[in-house]
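Encoded as structure tokens, the structure appears first; notes follow it.
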Amino acid sequence: MVKIRPTRTVLDWMILILVILTLNLPLINVVMTSLKDNATISHSPPVLLFVPTLMHYKDVFTSPTFLFSRFLVNSLFIALFSSGITVLICITAAYAVVRLGIGSSLLVAFVTNLRAIPLVIFAPSVYVLFKQLDLIDTRLGIVLIHILVNAPIALSLFMSFMQDIPREIEESARLDGANSIQILLKIIIPMISSPSAAIFILSFIYSWNEFLFALILSVKKSVTLTVGASLFITAWGVQWGRIAAATTLAVIPPFIFAFYVQRYLVEAFSGGLKE
């Protein structure tokens, strides 16, 4: 029996902790800033040892401009609906492309290449279009643009997963009298349930954190948490403590969500097709 030396185990843990701290240094800095008072935040050089305070979190919940509950509901609504609709649209589109050959040449190349273009290029035209459609400062407007942004990646991933499904399964179903819709609903979707959940998670996280279009398409009613945090940048100065507190609160929901559904990501990207 091979014995593991304690010193090697301790060293492995030390390296792991160091890597985790390094990768999460920006988030750790934000959390620490949210727990400092204004004098400590502006101190130079930065202070590492300080007495924590929750004053900035109190200001976030009591601020007349930062409506936390409304911003949270907006973020949840937009992220959930845009992610769900993205999955529904792209899973059917991927089936049409991979199995039925619809748009396999020109359409797929056009859609997937859109994601390679910087999104800021589309911002002026999107604003003008949504202004004409009366979608400015509406949840529906932000949901639509998030679907358009998430669709290229979601479509590419669904196509990749569907190509791994043996055609013999569908051929057997067709011999039993099943049509394309029945095959999609009863065979394809159950087999790629884990990849579908993974794509939903990725779309949700992007939609939750998206700032550019949420900023230009919102005024008051549809402001999300990420955009709301920018309200603490005023003409009188930047309120770093409140921004850090609002950012920390905004990180918590997707972190909890991803923690509980991370197994779907592991299953999806390690060949998680169900037999």
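Below is a table of values for the structure above.
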quantity: For the chain: span of alpha carbons on each principal axis (Å, largest first); calculated: 74, 74, 30
quantity: For the stretch 195-227 versus the stretch 27-65, the gap between their alpha-carbon centres in whole angstrom; calculated: 26 Å
quantity: Highest-MSF residue in the chain out of GLY101, GLY228, GLY141 [GNM, Cα springs under 10 Å]; calculated: GLY101
quantity: Residue-span extension gain [ILE102 to GLN163] - 0.36 nm each, minus C-alpha spacing; calculated: 20.5 nm
quantity: Signed unit charges on C-beta, dipole axis of the chain, positive-most listed residue GLY84, PHE213, PHE161; calculated: PHE213
quantity: The stretch 1-105, relative contact order [Cα under 8 Å, separation at least 6], %; calculated: 12 percent
quantity: Nearest-10 value in Å² for the accessible area of ARG99, using the 1.4 Å probe; calculated: 40 Å²
quantity: Note, ³J(HN,Hα) from phi for the stretch 36-44, Karplus 6.51, -1.76, 1.60, rounded to Hz, x at Gly and Pro; calculated: 9, 7, 4, 5, 5, 5, 8, 6, 10
quantity: Cα-based Lys pair tally, the chain, threshold under 16 Å, eight or more apart or on separate chains; calculated: 4
quantity: Taking the stretch 91-207 and dividing mean pair separation by its residue count, relative contact order in percent (alpha carbons under 8 Å, at least six apart); calculated: 36 percent
quantity: The stretch 5-91, dipole about Cα centre (Lys/Arg Cβ +1, Asp/Glu Cβ -1), debye to the nearest 20; calculated: 160 debye
quantity: LEU48 accessible area, 1.4 Å probe, all protein chains in place, Å² to nearest 10; calculated: 130 Å²
quantity: MRE, 222 nm, helices only [DSSP H, n ≥ 4, -39500 (n - 2.57), over the chain, to nearest 500]; calculated: -21500 deg cm²/dmol
quantity: Accessible-area value, ASP37, 1.4 Å probe, nucleic acids and ligands omitted, Å²; calculated: 60 Å²
quantity: The stretch 96-122-the stretch 149-170 distance, computed between alpha-carbon centres (Å); calculated: 13 Å
quantity: Solvent exposure ordering (accessible area, 1.4 Å, most first) of LEU18, LEU129; calculated: LEU18, LEU129
quantity: Student exercise, the chain dipole from Lys, Arg, Asp, Glu Cβ charges, in Debye to nearest 20; calculated: 480 debye
quantity: Over the chain, relative contact order from alpha-carbon pairs under 8 Å, at least 6 apart, %; calculated: 30 percent
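The values are calculated or read from the model by the stated rules, or taken from the named source; none is laboratory data. Source: prediction; values computed, not measured. Cβ atoms come from the backbone with ideal geometry, glycine included; neighbour counts cover every protein chain shown. These accessible areas exclude ligands, DNA and RNA; they are computed on the full protein's heavy atoms, side chains included. Shrake-Rupley method; radii C 1.70, N 1.55, O 1.52, S 1.80 Å.
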